[in-house]
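A quick write-up on the structure given underneath.
Please treat every number below as a calculation from the coordinates, not as lab data. Note that the structure is predicted; figures quoted are calculated from it, not measured. Backbone-built Cβ (ideal geometry, glycine too); neighbour counts: all protein chains shown.
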Amino acid sequence: MANVQIRDVPEDLHRRLKTQAAAAGQSLNQFLLDRLTELAGSVSLEELTAELRQLPPYEGPSIAAIIREDRDSR
């Protein structure tokens, strides 16, 4: 496995991260590895935009028509 080193972490940030790790019952290393895994799994705005552009255009009823139909049914 590879190693990652982060330098110049402010003391208050380090303290908060250690506190959060302890609250989660994890070592600081495991806590940060979990957060990095979440971050790496997140879809970027650019990726999401590209995916949405691949979808066919919406051809269903307008939201206004759906709301009107719901209001009229009351």
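Every residue in region 21-72 that is more than 30 Å from Ile6 (Cβ to Cβ) and of a type in the set (Ser, Thr, Tyr), please.
Hits for region 21-72 are Tyr58, Ser62.
Looking for something surrounded by 10 or more Cβ atoms within 10 Å (Cβ to Cβ) and among the acidic types (Asp, Glu) - is there at least one such residue anywhere in region 12-23?
No: zero hits.
Just for helices (runs of 4 or more DSSP H) wholly inside the chain: which have at least 1 residues that are under 21 Å from the mean Cα position of the chain (by Cα)? Don't jump to the end; show me each part of the working.
Values: elements: 11-23, 28-41, 45-53, 63-72.
Output list reads 11-23, 28-41, 45-53.
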